[in-house]
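Okay, so here's the structure we're looking at.
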Amino acid sequence: MQPKLVLFTVVGVSFSEPRVAFDVVVPRDDSTLFTGYLGVLPGVTGANNHDETYDRVGDSRTVHLSDGGTFREEIVRYARPAAPDAQPFATANDPAKGSATIADLMATGAVTQTPAATGHFDYDVTQFTGILGRIVSDATARWTYAPGTPGRTRITWTYGYRPLPGRTFLVRHIIGPLWMRYMRRSMGNALAAIVVGRQPASQPTSPPAGGRSA
C-alpha cells in the first residue's frame, strides 16, 4: 500500500489584496524565496521551464537545488484572484433609490460589494533526485490567496511529502520539524517580497523652476 502524504502547513497575512499578493509571489524567481535552512535543507538555485510559459494547468518545469538535486513540478491548478469591483452593484431587491447615496444603499443591504475571489496555485512534484530521491516518491504543493479583512490576504501554503516505504517516521519526525522552519522562513520571504513588489515605481523628481536636473 502506498504511504499517505505527510502534510505541513504555514499561514501568512499580507497587507495587500489577493491579486497583488498572487501576482508578486507566483511568478517570482524561486531562488529568492526558497533559500534553504541551516545547510541541511537545500535551497532553490534555478528552474527550467519545459514549456514557453509556467502559468497554465499542465505546464511543467525542472527545479534545481543547491545540493545538486532536482525535481519536476507540474501545475494542476492556476486561478488568479479576481479583482474586487471598483463600484458596488445593486441586488435584485433594491428599494426606490431616489437621491440615496451608495453608502446609504450599502447600509441597507440593497447594494453590496463584490469580494475578491480566492486565488489558487497548486502543483505536483515528482522525479526527485539527490537526497530527497532516497526519502520521498512525490509531493504536492497547494497555495491559496484568500481575502481577509479589507485590504489583506491570508496566504496558506500546504506541502505534502509522500515517503518511500519505511521512510514515514523520518519524514514526519526528523525532516518534518526542519521543514516547517524552512516553510516559515520561505513564507516570510514571500511576505517581504509582496511589500517590495506592491510599492509604486519612484517618479523622477522635477527640477525647480529655472533650474536643471543633475
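The values are calculated or read from the model by the stated rules, or taken from the named source; none is laboratory data. All values reported here derive from a predicted model rather than from experimental measurement. For neighbour counting, all protein chains shown are included, and Cβ atoms are generated from backbone atoms with ideal geometry for every residue, glycine included.
Here segment 4-21 is the region considered, the condition is being touching a Lys or Arg at 6+ places or on another chain (Cβ under 6 Å) and not in a strand (DSSP E or B), and the residue that is farthest from Thr153 (Cα to Cα) is Leu5. Considering only segment 27-43, I want to know if a residue exists there that is farther than 19 Å from Asn189 by Cα and either in a loop (DSSP other than H, G, I, E, B) or not assigned by TED's automatic domain parsing to the domain that holds Arg152 (or both). No, segment 27-43 contains no residue that is farther than 19 Å from Asn189 by Cα and either in a loop (DSSP other than H, G, I, E, B) or not assigned by TED's automatic domain parsing to the domain that holds Arg152 (or both). If only residues of segment 1-29 that are crowded, with 18+ Cβ neighbours inside 10 Å and of a type in the set (D, E, K, R) are counted, the one that is nearest to the chain's Cα centre (by Cα) is Asp23.
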